[in-house]
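> This is the structure I want to talk about, given as structure tokens.
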Amino acid sequence: MPSYDLLKVEKPARYMGGEVGSVRKSTAEMRFVLAFPDVYEVGMSHLGIQVLYAVLNNVAWLAAERVYAPWPDREDQLRTDGAFLSSLESDIPLAEADILGFTLQYELSYTNVLNMLELAGIPLLAVEREEGFPLIIGGGPCACNPEPLADFFDAFLLGDGEEAALEIAAVCREWKREHGSKNDLLQRLAGIAGVYVPSFFAVENDEGGRIAAITPLREDYTKVRRRIVAKLDTSTYPTAPVVPFLKTVHDRVSVEIARGCTRGCRFCQAGYIYRPVRERTPATVLNLVEETLRHTGYDEISLLSLSTGDYGCIAQLITELMARHGKDRIAVSLPSLRVGTLTQELVEQVKKVRKTGFTLAPEAGSERLRSAINKGITEDDLLATAFAVYSAGWRLVKLYFMIGLPGETNDDVAAIVDLAGKVKREGRRAGSGGDVNVAVSSFVPKAHTPFQWEAQISYEEILAKQQFLRQELRKKKLNFKWQDAPLSVLEGVFARGDRRLGRVLRKAHELGCRFDGWGDHFNFAAWQEAFCATGIDPLFYLRRRDVDEILPWDHLDCGVSREFLLAEREKAAAGSYTADCRTGKCTGCGVCDFDRIRMQLNSLSVGEMPDQRTQRPEYGEETARIRLRFSKTGTMSLLSHLELINLFTRAVGRARIPIRFSQGFHPHPKFSFATALSVGVESWAEFFDMEIATGYSADRVLQELNAALPSGIQILDAAEIPLRAAALSVIIDKIRYRVTVPDHVGIDLLGCVARFLARDSFVFHREKKGRVTEIDLRRELHELTVAGNALEMLVERGKPLEFVTAITGLSAAELEGARIEKLEVIFKD
């Protein structure tokens, strides 16, 4: 039976678990729960979680599980019921896990971290958690300055997690077996490269709020250096990732083709904290794509890196991917092409994919400011790229800019409008219309970058610049999107914050702050109250830092030296360019030891490698139509109709059934479902038709689909029918349901049935979207029997619960928890 609690929330699939690719270990010595402090759809799109999930689950004694921030409706439910937040895989309360590891991707998710701990019944402060609670550890880009969270976490991991996560789990396992103290565990963890234990450092602030001293409390633990996976090509990668039931932010195969970037954009934290560049070989990428497509059924491949166009043989790789997968309607997307890397050869390949929009990131409108931030692209480069993109068939170009960059003037802001207008003209020159979306974010100085000492512009300055851009872009008929000023300010506060902000976080959480990165949930007034109540001025964190000032993260080493960052800051002021060490000489940033840690670039072309893909058989050019009956039971009954279609689309892809597709810009598999089953109703009589290539039998469809479907969905029958047979929705005559009334209702069902059957009519009024329709339930009812607490009925029109309320006189609320089953569909002759 489904969980009736989940029927009350907006999207039950967020909390169901049981997805294809998920791993449930009934027994495991250690349980490591990977926590993402945002909603499921966002967290499931994060590649890092999928990588660690695969790495950890490869170990027999270790179970990796997942949990995401519950949406407010689910949070209210948990609090009302007194239930604890639990993992998706085994449903264990988080407090019973051994390790709870949070991915810290964005500063505005911090209140969600506290909320998840509270919902799990875990004390928020690290000093209040004794040995009986899980180790709370954080990782991800925000771990490069985790000081605002230092009071709440036992430890952080700086850098790559593929190797370190296993070492952390092994240390915790040994400690657990020995029944050691918590301090003993922290001492052991501090011995792992990349692990930062904040309680082993004392931080003092002076009267003005600046940091006076950061004092190590262990002589052998004075600085923590970022962990780096030396060879990306051989590291574990999830070729059988978890495939969500619902649509996520990035609903596709994501393959990280390279990690790190040495372009040296001076505002970009990722460009410094992920160095050096390490590329996977084309052979590895092609094999990972092939395996992942087979295990997931996705129809799009995304090649991920900080700058995909810089990959050593990107054009050849895309050419080969298109040759291998194009005929199967698999698209290839490149989320991070850089101006200057778009060659004609690359354009020819990229234009074969779905052209929804092409993104270019000049970052600054003027040549002068682009030189200052080391963007390394000219206006001519940008316009030539825009013309090539429009000429290749794109109608929309998205331009990304920032306001508030160090040294920015009003002329630089005006240059954004001017440059966007020129891009639009390139579209017209190419004959494509030239639609342009201009997205503008506010510059936020980040730790471990050359701009970590710079000031962030104020809330008022952000609003003024946004208003100017809004007016001027409207005149040129250019679309404008922006980030809300309060969000940028708060991000800036925590990006360079210190431990004092822990008090603000606690207060903001107490005041109800959640999902702060979501504009419709962000409560600026509550945050202002939190700062006021704790006596902390947020503007203190937006100021320019003195070069000799102790920064909150000075004891954390991300690999790039302070001297290099200062030199880059000086070059920014002079507008001086630093070349990419990928193609030039070493810039001396300090991250490489030129032995184990060094750049790894591709010199091998794709054409030199053997084709190891699975050869698919050829089928006939004619089309066959297959009619299938399937069951949808247990938690699967909580899937919506759209989620069910998504599930079958992926299952057909995994099974490699030669499905036919619709025509048009976005082809879809040719499915035709009988009716949309209400969420929460179990069924043994669901039907749909599919069109496939001839030569693939109905029996084989049944076998292959069942092998690809999750538990709770099963194909029961499959048969070929005439291609022009009537649609399912046309030939349905009657449907048989069984509704089992909850035991606590205590009603005389036999008497209720007798009275209802004695009626000539029972008109029910159904309201939907403000319109009221009438249906005579008595006339639509053909059979009605009672067996214990269950009513079994054969009906034409009407929903089973509508019939039960009419028969019993009970309200829908009183019938909460009733089990509804669809038993049979009777078709017209």
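> Once you order the gyration tensor axes a ≥ b ≥ c over the Cα atoms, which shape class does the range 273-349 get: rounded for a/c under 1.5, otherwise prolate or oblate by comparing a/b with b/c?
It comes out oblate by the Cα gyration axes.
> With θ set to phi - 60° and the Karplus curve 6.51 cos²θ - 1.76 cosθ + 1.60, what are the ³J(HN,Hα) couplings of the range 73-80 in order, to the nearest whole Hz, using x for Gly and Pro?
Calculated HN-Hα couplings, in order: 5, 6, 4, 4, 5, 4, 5, 5 Hz.
> Please state the relative contact order of the range 413-561 as a whole percent: Cα pairs under 8 Å, 6+ residues apart?
Relative contact order for the range 413-561 comes out at 26 percent.
> Another question, then. Output the peptides 456-467, 358-369, 200-211 sorted from most to least packed, where packing is the average of other Cβ atoms within 10 Å over each peptide's residues. Let's see the in-between values first.
Details: 456-467: 17.6, 358-369: 21.4, 200-211: 13.7.
Highest mean packing first, the order is 358-369, 456-467, 200-211.
> Using a simple charge model, +1 on the beta-carbon of Lys and Arg, -1 on the beta-carbon of Asp and Glu, nothing else, what dipole does the range 227-274 show about its Cα centre, in debye to the nearest 20?
Magnitude of the dipole: close to 200 debye.
> Putting +1 on Lys and Arg Cβ atoms and -1 on Asp and Glu Cβ atoms, find which of Trp175, Leu565, Gly159 reaches farthest to the positive end of the dipole of the chain.
Farthest towards the positive end: Leu565.
> While we're looking at this one, here's another question. If you fit an axis through the alpha-carbon atoms of helix 485-495 and take the longest principal axis of the Cα set of the chain, what angle between them do you get, 0 to 90°, nearest 10?
With rounding to tens, the tilt is 60 degrees.
> Which value, in Å², gives the accessible area per residue of the range 602-758 when a 1.4 Å probe is used on the protein heavy atoms?
48 Å²
> How large is ³J(HN,Hα), in whole Hz, for each residue of the range 522-527 in order, when computed from phi with the Karplus curve 6.51 cos²θ - 1.76 cosθ + 1.60 and θ = phi - 60°, using x for Gly and Pro?
The phi angles translate into 5, 10, 4, 4, 5, 5 Hz.
> Taking a 1.4 Å probe, which of Asp251, Asp546 shows the most accessible area, and what order do the others take after it?
Putting Asp251, Asp546 in descending order of accessible area: Asp546, Asp251.
> Turning to a different aspect of this structure: Explain nothing, just compute: Karplus ³J(HN,Hα) = 6.51 cos²θ - 1.76 cosθ + 1.60, θ = phi - 60°, for every residue of the range 780-792 in order, whole Hz, x for Gly and Pro.
7, 8, 10, 9, 8, 9, 10, 9, x, 8, 10, 9, 10
> Carbon and sulfur atoms: what percent of the 1.4 Å accessible area of the range 560-718 do they account for?
50 percent
> P(r) of the range 1-91 in 10 Å steps, Cα pairs, percent per bin?
The percentages, shortest bin first, are 16, 49, 29, 6.
> Assign one of three labels to the range 106-180, namely rounded, prolate or oblate, based on the Cα gyration tensor with a ≥ b ≥ c the square roots of its eigenvalues; rounded applies when a/c is under 1.5, prolate when it is not and a/b is larger than b/c, and oblate otherwise.
oblate
> Run down the lysines and flag those whose C-alpha is under 25 Å from the C-alpha of Lys182, throwing out any fewer than 8 positions away in its chain.
Partners within reach: Lys223.
> While we're looking at this one, here's another question. Which cross-chain or sequence-distant (5 or more) residues have an amide H under 5 Å from the amide H of Asp776, H modelled 1.01 Å from N in plane?
Under 5 Å from the amide H of Asp776: Phe764.
> Name the residue farthest towards the positive end of the dipole of the range 737-806 from the options Pro742, Ile775, Met793, assuming +1 on Cβ of Lys and Arg, -1 on Cβ of Asp and Glu, about the Cα centre.
Ile775
> Could you tell me what fraction of 2.2 N^0.38 Å the Cα radius of gyration of the range 767-829 comes to, as a two-decimal ratio?
1.22
> Can you tell me the relative contact order of the range 64-169? Whole percent, Cα pairs under 8 Å, sequence separation 6 or more. Intermediate results must be reported in sequence, preceding the final value.
Details: 129 pairs, mean separation 25.7, N = 106.
Answer for the range 64-169 is 24 percent.
> Compute the helix-to-body angle for 641-655: its Cα long axis versus the longest principal axis of the chain, expressed 0 to 90° and rounded to tens.
The angle comes out at about 80 degrees.
> Continuing with this model, one more query. What does the range 320-478 give for Rg and for Dmax, in Å, if only its C-alpha atoms count?
Considering the range 320-478 through its Cα atoms, Rg and Dmax are 17.1, 53 Å.
> For the chain, what is the convex hull (Cα atoms) projected area averaged across all directions, in square nanometres?
38.9 nm²
> Moving to a separate point now. What do you reckon, how do Arg79, Arg766, Arg263, Arg474 stack up by accessible area (1.4 Å probe), largest on top?
Correct descending sequence by accessible area is Arg474, Arg79, Arg766, Arg263.
> Can you give the log10 of the normalised intensity I(q)/I(0) at q = 0.11, 0.16 Å⁻¹, computed with Debye over equal Cα scatterers of the range 425-514?
-0.49, -0.81
> In addition: Treating the beta-carbon of each Lys and Arg as +1 and of each Asp and Glu as -1, no other charges, what is the dipole magnitude of the chain about its Cα centre, to the nearest 20 debye?
In total the dipole reaches around 2340 debye.
> If you average 1/r over all unlike Cα pairs in the range 617-749 and invert the result, what Kirkwood radius do you get in angstrom?
Working: mean 1/r = 0.0619 Å⁻¹.
In the range 617-749 this quantity evaluates to 16.1 Å.
> Considering every pair of different Cα atoms, what Kirkwood radius, in Å, is found for the range 239-372?
Result for the range 239-372, one decimal place: 16.0 Å.
> Shifting gears a bit: May I have the convex hull volume per residue, in Å³, for the Cα set of the range 49-166?
With only Cα atoms used, the range 49-166 gives 108 Å³ per residue.
> When only Cα pairs under 8 Å and 6 or more residues apart are kept, what is the percent relative contact order across the chain?
Worked out over the chain, it gives 12 percent.
> May I ask which residue of Leu511, Met16, Pro123 lies farthest towards the positive end of the charge dipole of the chain, with charges of +1 (Lys, Arg) and -1 (Asp, Glu) on Cβ and the Cα centre as origin?
Going by the charge dipole, the pick is Met16.
> Suppose every K and R has +1 on its Cβ and every D and E has -1 on its Cβ; what is the size of the dipole of the range 281-411 about the Cα centre, in Debye to the nearest 20?
So the dipole magnitude of the range 281-411 works out to roughly 420 debye.
> Less than 18 Å from a label point 7 Å out along the Cα-to-Cβ axis of Leu723: which backbone N atoms in the range 666-694 qualify, by residue?
669-672, 689-694
> Place the peptides 307-316, 428-437 in order of packing, highest mean first, counting for every residue the other Cβ atoms within 10 Å and averaging per peptide.
Working: 307-316: 21.7, 428-437: 16.6.
Highest to lowest by the protection proxy: 307-316, 428-437.
> Give the long-range amide H neighbours of Ile228: residues separated by 5 or more places, or on another chain, with amide H under 5 Å away, using H modelled in the peptide plane at 1.01 Å from N.
Hits under the 5 Å cutoff: Asp160.
> Keeping all protein chains in the complex and leaving out DNA, RNA and ligands, what accessible area do you get for Phe764 with a 1.4 Å probe, in Å² to the nearest 10?
So the heavy atoms of Phe764 present about 50 Å² to solvent.
> Something else: Any lysines with Cα under 29 Å of the Lys632 Cα? List them, leaving off those in the same chain fewer than 8 positions away.
Lys8, Lys11, Lys25, Lys247, Lys670, Lys734, Lys768, Lys769, Lys799, Lys822, Lys828
> Mind running the shape call on the range 674-724? Use the C-alpha gyration tensor, a ≥ b ≥ c as the square roots of the eigenvalues: rounded below 1.5 for a/c, prolate if a/b tops b/c, oblate otherwise. Don't jump to the answer; show the numbers that get you there.
Values: a/c = 2.71, a/b = 1.46, b/c = 1.86.
Because a/c hits 1.5 or more and a/b fails to exceed b/c, the range 674-724 counts as oblate.
> Specify the inter-centroid distance of the range 405-446 and the range 754-770, based on alpha-carbon positions, in whole Å.
Here the answer is 61 Å between Cα centres.
The values are calculated or read from the model by the stated rules, or taken from the named source; none is laboratory data. Nothing here was measured: the structure is a model prediction, and the numbers come from that model. Methodologically, a virtual Cβ is constructed for each residue, glycine included, from the backbone with ideal geometry; neighbour enumeration extends over all protein chains shown. Keep in mind that these areas ignore ligands, DNA and RNA; they rest on the heavy atoms of the full protein, side chains included. Shrake-Rupley method; radii C 1.70, N 1.55, O 1.52, S 1.80 Å.
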